[in-house]
Amino acid sequence: MPASEGGCWVWTGARTNNGYGAVRHRGKVEYVHRIMAAAHGMNIDGRTVDHLCFTTNCVRPSHLLVCSREENTRRQRSNAWRSVVAELMDEINGVRGQA
Ligand SMILES: [Zn+2]
């Protein structure tokens, strides 16, 4: 089961080489954060599930954001986006200075 760590639900099970929690689901390997997003009513088809917290193995639904692949790439390049995310995470966690 995921453990609580800094507000994140950190997946402690199997991970892929790039650090994402993964499980075998219907015969293929799926990212746990994608399953969690789908389980909470988010439409993930053909989309990227981004981490607001930048913790690759976090599976907390409130830390996940579904976006198009183009948006995801653009945001990763944008410092402005990172500061928006930082503010959002402050609200979620109620703490400043969270890595
Ligand atoms: Zn998180």
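How much mean residue ellipticity at 222 nm does the chain get from its helices, if each DSSP H run of length 4 or more adds -39500 (n - 2.57) and you divide by all residues, to the nearest 500 deg cm²/dmol? Mind showing how you got there, number by number?
Numbers: 3 runs with 32 residues, N = 99.
Theoretical 222 nm ellipticity from helices: -9500 deg cm²/dmol.
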Would you kindly state how much longer the chain becomes between V10 and F54 on full extension, computed as 0.36 nm times their sequence separation minus their alpha carbon distance, in nm to one decimal? 14.7 nm
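Sort 80-86, 55-61 by the packing proxy (mean of other Cβ within 10 Å over each peptide's residues), most packed first. Write down the numbers at each step before the final one.
Details: 80-86: 13.0, 55-61: 20.3.
Answer by packing, highest mean first, reads 55-61, 80-86.
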Test of understanding: ordering C8, C67 by Cβ neighbours within 10 Å, fewest first, what list do you get? C67, C8
In the chain, which Cys residues have no partner Cys with a Cβ closer than 4.7 Å? C53, C67
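Quick note: the coordinates plus some simple rules give every number you see, no bench work behind them. Every value quoted in this text rests on a predicted model; they were computed, and no experiment measured them. Backbone-built Cβ (ideal geometry, glycine too); neighbour counts: all protein chains shown.
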